[in-house]
1. At R0 = 30 Å, how high is the FRET efficiency between Asp56 and Ser161 if r is their beta carbon distance? Nearest 0.05 is fine.
2. With labels modelled as points extended 7 Å from the Cα through the Cβ direction, what inter-label distance (nm, one decimal) is found for Glu41 paired with Gln136?
3. What's the magnitude of the charge dipole for the chain around its Cα centre, counting Lys and Arg as +1 and Asp and Glu as -1 at the beta-carbon? Answer in Debye, nearest 20.
4. In the range 6-114, if the dipole is taken from +1 on Lys/Arg beta carbons and -1 on Asp/Glu beta carbons about the Cα centre, which of Thr94, Pro42, Tyr52 is farthest to the positive end?
5. Report the antiparallel proportion of the DSSP beta bridges in the chain as a percent, rounded to a multiple of 5.
6. Taking a quarter of the surface of the Cα convex hull of the chain, what do you get in nm²?
7. Using 0.36 nm times the number of residues separating Asp108 and Thr68, minus their current alpha carbon distance, what extension gain do you get?
8. Quick query: amide H of Ile4 versus all other amide H atoms, modeled in the peptide plane; which residues come in under 5 Å with a sequence gap of 5 or more or a different chain?
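What follows draws every value from the coordinates through simple rules; no lab data is involved. Bear in mind the structure is a predicted one, so any value in this text is a computation, not a measurement. Neighbour counts are summed over all protein chains in view; Cβ atoms, including those assigned to glycine, are modelled from backbone coordinates with ideal geometry.
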Amino acid sequence: MGRITHFSKHALTRLEQRSTLSFHELARILDCGVFVKIGSEPGFNREHRLFYSMNDDSYYVAIQDVHTGGVVTVLPPNYYENICFRIKDSEFKTAKEIAQSPPKKYEDYENVTSANNQSPNTFIVSAHFDDIEGNQKTKIVVKTTATPYKLDLSNFIKDKSLEGDIQRALIKKGIKTDSVWSISFRLGKNGERIYFDWIDNALA
């Protein structure tokens, strides 16, 4: 199945601070509908999606753009209720029930991910940008061995030197940084891409 969910840098930071879920696991939850819609932001195309994390035995709310798939932030319920809406008891109950008995496509998603990540040992970073004529382009900007990161994309993305490496690669390849709208990561040339917004729209 195709991947939809991608992340802002802010969302990735908040996920790491607030949950033990990896971004792969959260993408799986959101792509497979293992959540309850509890609100929206008209004009911004953003849905508020309550989900239950079996890993943490806790609930969270992901705010996600329904058109682009971009996750803007991940909030704990008490924080969410302070700045947005009250969450109903029935919504908590339903979110937990869905997590405990997810749809079949949830398992299919995991099988596809596993199949795509069996043998490659190179991380490939690509920039997605608009050229001077306004056409969307994609170029590989970084390739590096995945072995020091234990073949774990989460470890690679957390590398503090990575953003600087990408910036230098963009300059070397003649890509203007303000024309870049997304950066994708994959393990091997046939691996599933994980997308991150290059320009952040930070929330709480």
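1. Working: r = 29 Å, r/R0 = 0.98.
With R0 = 30 Å, the Cβ-Cβ based efficiency is 0.55.
2. That separation, rounded to one decimal, is 2.2 nm.
3. Working: 27 positive and 26 negative charges, 96 e Å.
It works out to roughly 460 debye.
4. Pro42
5. Details: 37 of 40 bridges.
The answer is about 90 percent antiparallel.
6. Values: hull surface 48.1 nm².
Dividing the Cα hull surface by four gives the mean projection, 12.0 nm².
7. Details: separation 40, 0.36 × 40 = 14.40 nm, distance 2.23 nm.
Taking Asp108 through Thr68 to full extension adds about 12.2 nm, to one decimal.
8. HN-HN under 5 Å from Ile4: empty list.
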